[in-house]
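Every number in this text was worked out from the coordinates using simple rules, so none of it is lab data. Note that the structure is predicted; figures quoted are calculated from it, not measured. Counting neighbours? That spans all protein chains shown, and the Cβs are built from the backbone with ideal geometry, glycine included.
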There are 2 protein chains.
Amino acid sequence: MKYLAIDVGGTSTRVAVVDVDGTCLGYGAAGSGNPTSSGLENAAASIVGATRAAVAEAGTTMDDVAAGTVGIAGAGGETGVALLAELASGGLSVPLTLEADLLAAFCAGTLSTQGYAIVSGTGACAVRIRELRIDDTGDGLGWLLGDGGSGFWLGHRAVRAVATALDDGAPLTRLVDPVLAELGITPDPAMGTHGRSVALDHLVHAVYRLRPVELARLAPLVFEAADAGDVEAVAIVRGAANALTSTLASVLDPDIAGPLVLCGSILARQPSVADPVTAAFHSVMGSDAPVVPVTDGLPGAAVLALRRAGLTVDDAVFDRVHDTVASRR
Amino acid sequence: MKYLAIDVGGTSTRVAVVDVDGTCLGYGAAGSGNPTSSGLENAAASIVGATRAAVAEAGTTMDDVAAGTVGIAGAGGETGVALLAELASGGLSVPLTLEADLLAAFCAGTLSTQGYAIVSGTGACAVRIRELRIDDTGDGLGWLLGDGGSGFWLGHRAVRAVATALDDGAPLTRLVDPVLAELGITPDPAMGTHGRSVALDHLVHAVYRLRPVELARLAPLVFEAADAGDVEAVAIVRGAANALTSTLASVLDPDIAGPLVLCGSILARQPSVADPVTAAFHSVMGSDAPVVPVTDGLPGAAVLALRRAGLTVDDAVFDRVHDTVASRR
């Protein structure tokens, strides 16, 4: 029998067909499979399409697939039930289990059945895992209520700092030029109406045309400005590290020493955030507690699919999943 | 000849027909006349309807109206030009001048041609006024970029504090119960999935169904909790006062000693914000500098209409405008 690993993201859906020994036999990809951002029908069509491609490449049929695991943000609730129904009516009739993307990411980083995962991508969230179930959650409340230290959080603070600098005529941070450029605004030092600079007027108009979460794309500019020594940017980066440390602290339990899996583009690529979060974790759990960065949840969905089917995943299977799935991007 | 004073708000449009001596001869009201929030056609229909009612009540005709002033948020730009064109095609062919609502509010509070106005309602903004024109602007950048100390700002911090309290299982602030009640959520202490309380899940869903600015309706709950001694609420109120003080400070000019006009529901009704802002203003400009609260911009639009027509507005006219316009609500 074969198993499906399905990784659903906001921009893409990726599917691996794996054998019982962890070997990836086929791979498929499609657009976003997230029903919240893309709508139920589009999401289901992406997942079904990517799955059919993976099954075809594996040289097998759906009849030979025993079960599958879908790693997806916001896995629970009515939307999940509706998605499973839509997938079944679209021809994906094998038993599928929806799992939180953070649990899949955790399983991509470790064979342990308990520990922690923290993500900072567009949003931010930390979870505690016990017996391969999420036991406690910190933050993950979305851009308006939380997501402290996320890409949105960084981008939002960056654009606010730029707006304040342009508003006050204060000494400008190094964020001003790159943020204006990223938003397609020419830095215009002229004064417009009511003693407000033309550039600020343009900034306001540009920002309110975006969906708020799109401000996450300004996050890399904050790290570049911080590396160049901009005081404002350094303060924003430190604030992000502090926020993520607090979120992680809220789920720590002395009985569970780790490991900690670091996920998402900010924690994967930015040592100025990942290092302080790691240091704080070590200061509580001891410097031996393992910390593992993970950049791809798909191998974790494969591990979960095998484990949920009652199969044993040992180091050899784990390594085989990583070697054969991770090469397929 | 008669003059039109038109006060355009987010929820209502109010029009007064005034005589050259400031007497209000007729009054009319309609729904929102703001083209940004209500659309151009609806906004123009509201303004034209309220104006026709006011002119009819005054027992006169449009032919006897010399000119008018429209006090409106975001008075400048293309939207303003389009609104004037739409009003003209709707039959309002008298010369109309669009003026910032904060300038109209200033003129409702004082006969001085220079000074400051600061508003905290749904949004927050401060302006410096010189020769009856806005000379400098602080904040007014909207809920995503600024509006520090506004109703949105207070409500946003309140709901974030409630979310954090429910997320951490920390000692709950007195804000929890009233905020949940205002959002129609039963406080459910049960745990839902992933170690997250059911009440928090409901809060997240309720908040993301709102337009963000609707969080401003939570602001009064912050003042009630602060009055009852809640530490979190007191800190939010202090933060609002600090933000508004900074915004005001950014437009102060030693050459212009005042007066300062306080506008908007927060500054008009909440001494815990208005008093520190006033004290900070006095500490810079001297304790003699007048501070005037204003709750209605319509008399100011009437004063501006007369002044822009070249008429003299003395204390007697000013008082007559207030006595006869302010009674018509």
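Miscellaneous remarks
- Taking only the Cα atoms of the protein assembly as shown, the ratio Rg/Rh comes out at 1.06, with Rh defined as the Kirkwood radius.
- Across the range A:191-205, rounded Karplus estimates of 3J(HN,Hα) from the backbone phi angles (6.51 cos²θ - 1.76 cosθ + 1.60, θ = phi - 60°) give 8, x, 7, 6, x, 10, 5, 4, 4, 5, 4, 5, 4, 4, 4 Hz, Gly and Pro being marked x.
- Under the Karplus curve 6.51 cos²θ - 1.76 cosθ + 1.60, θ = phi - 60°, whole-Hz ³J(HN,Hα) for the range B:154-166, x wherever Gly or Pro sits: 5, x, 5, 5, 5, 6, 5, 5, 5, 4, 5, 4, 5
- Computed about the Cα centre, the dipole magnitude for the range A:75-144 is approximately 140 debye when only Lys and Arg (+1) and Asp and Glu (-1) carry charge, each at its Cβ.
- In degrees, nearest ten, helix A:298-308 long axis to first principal axis of chain A (Cα): 40 degrees
- Copies compared at B:Asp168 - label distances in nm, ascending, label defined 7 Å from Cα in the Cβ direction: 2.8
- Partner shielding of A:250-260 amounts to 1, given as the average count of beta-carbon atoms from other chains within 10 Å of each residue beta-carbon.
- Remark: mean inter-chain Cβ contacts per residue of A:206-216 equal 1, using a 10 Å Cβ-Cβ cutoff to other protein chain atoms.
- Sequence-distant residues sharing a close amide H with A:Val261 (under 5 Å, placed H): A:Tyr116, A:Ala117, A:Ile118, A:Val292
- Here the 3J(HN,Hα) profile of the range A:211-228, calculated from phi with Karplus coefficients 6.51, -1.76 and 1.60 at θ = phi - 60°, is 6, x, 4, 5, 4, 4, 6, 7, 4, x, 5, 5, 5, 5, 5, 5, 4, 7 Hz, Gly and Pro shown as x.
- Highest-MSF residue in chain A out of A:Tyr208, A:Tyr27, A:Tyr116 [GNM, Cα springs under 10 Å]: A:Tyr208
- Averaged over the residues of A:139-150, the number of partner chain Cβ atoms lying within 10 Å of the residue Cβ comes to 5.
- Cβ-vector label at 7 Å, B:Gly77, separations to other copies in nm: 3.3
- Considering only B:Gly229, B:Gly33, B:Gly297, the mean-square fluctuation computed in a Gaussian network model of chain B, springs between alpha carbons under 10 angstrom, is largest for B:Gly229.
- Each copy carries a label point for A:Thr312 at 7 Å from Cα toward Cβ; from one copy, the others' points are 10.3 nm away, ordered from shortest.
- Residue of chain A whose Cβ sits closest to the axis mapping A onto B, with distance in whole Å: A:Pro212, 4
- Residue-averaged 222 nm ellipticity for the protein assembly as shown, from DSSP H runs of 4+ at -39500 (n - 2.57), nearest 500: -14000 deg cm²/dmol
- Cβ-based charge dipole, the range B:265-329, positive-most Cα from B:Thr312, B:Ala301, B:Ala279: B:Ala301
- The range B:224-329: C-alpha gyration tensor shape, a/c 1.5 cut-off, then a/b vs b/c: oblate
- Estimated dipole of the range A:172-273 in Debye, rounded to 20 [Cβ of Lys and Arg +1, of Asp and Glu -1, Cα centre]: 180 debye
- Space enclosed by the convex hull of the alpha-carbon atoms of the range A:1-112, per residue, Å³: 90 Å³
- Principal axis dimensions, largest first and in whole angstrom, of chain A by Cα: 70, 46, 33
- For the range A:112-194, the Cβ-based charge dipole about the Cα centre amounts to some 220 debye (Lys, Arg positive; Asp, Glu negative; other atoms uncharged).
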